[in-house]
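First comes the structure, then the notes that go with it.
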Amino acid sequence: MPSVIEYIPFLMEGSLWTLSLVALGLSLGFSLGLPIAIMKFYGARLDAYVWFMRGTPLIVLLSLLYWGVFPALGVKIGPFETSVIALGLRSSAYQSQIFLSALNSVDSGQIIAARSIGMRERQVVAHVLLPQALRISLPSWSNEYAIMLKDSSICFALGVMEILTRARYISVATGSALLPYLLAGILFFSLTHAGTSAIELIYRRVRIKGTLGAG
């Protein structure tokens, strides 16, 4: 029977799949979550979408899309693509709240001043609100990265070849469960620490002096 050590490269390759899920899921969540936050900031009622996505367990959302919605629409989408969409939709709800909170923290006096000098609302958003809100939101966005990284393991349910799926295959192939799952845990911890540290470094470089935690 092969040893777990022989499968380490196979397990490490799963990190690329996991990081791809996280990167694409966060990107989709950002592209949807930021507009939602801006619309909510200006009074749009999108609470139903946000509450549905935040209140639905990821495994239910994955199942709903993969075995329900897409087949009903006659659309053939693979497990990886479905996982990215599910992660992104769920993340968009959380990211919208992160960005909305950041937008609300921008001093209203700046908005009034921008309007008083003739800036249009689109310019106010682009040149006053977003440059500050995006920087303010980085610490919370770091948490979203860590959460999504761990949630990506649930994509094991669709057979996506990420870290946990590969750990399961190694466990079956070697007849050993302890070491494969221990190594998987170490990989998740390492990726979480590396990602959050990188975002923290970016935040320290772009933070706004005088804001909470900016020093």
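The values are calculated or read from the model by the stated rules, or taken from the named source; none is laboratory data. This structure is a prediction, so every number in the text was calculated from the model and none was measured. Neighbour counts run over all protein chains shown; Cβ positions are idealised from the backbone, glycine included. Accessible surface areas use protein heavy atoms only, side chains included; no ligands, DNA or RNA. Shrake-Rupley method; radii C 1.70, N 1.55, O 1.52, S 1.80 Å.
Using a probe of 1.4 Å on the protein chains alone, the accessible area found for Glu200 is around 70 Å².
For Lys150, the accessible area of its heavy atoms, probed at 1.4 Å with every protein chain present, is near 120 square angstrom. Calculated mean residue ellipticity at 222 nm for the chain: -23500 deg cm²/dmol, from DSSP H runs with n ≥ 4 weighted as -39500 (n - 2.57), summed, divided by the residue count and rounded to 500. So what's the angle, to the nearest 10 degrees on a 0 to 90 scale, between helix 163-174 and the longest Cα principal axis of the chain? For 163-174 against the chain, the angle is about 10 degrees. Between the helical axis of 178-206 and the dominant principal axis of the chain, each derived from Cα atoms, what acute angle in degrees is found, rounded to the nearest 10? For 178-206 against the chain, the angle is about 20 degrees.
For region 28-119, the solvent-accessible area works out to 51 Å² per residue, with a probe of 1.4 Å and every protein chain left in place. When the residues Tyr145, Tyr181 are ordered by accessible surface, computed with a 1.4 Å probe over the protein chains alone, the sequence from largest down reads Tyr181, Tyr145. Sorted largest first by accessible area at a 1.4 angstrom probe radius, with every protein chain in place, the residues Met119, Met12 fall in the order Met12, Met119. Here the simple spin-label model places points 7 Å from the Cα toward Cβ, and for Glu121 and Leu46 these points are separated by 1.4 nm. Using a 1.4 Å probe over the heavy atoms of the protein chains, calculate the carbon and sulfur portion of the accessible area of region 17-161 as a whole percent. For region 17-161, the apolar C and S fraction of the accessible surface comes to 65 percent.
Taking the C-alpha atoms only, the angle from helix 79-105 to the longest principal axis of the chain is near 30 degrees. With both labels modelled 7 Å from their Cα along Cα-to-Cβ, the Ile112 to Ala72 distance reads 4.9 nm.
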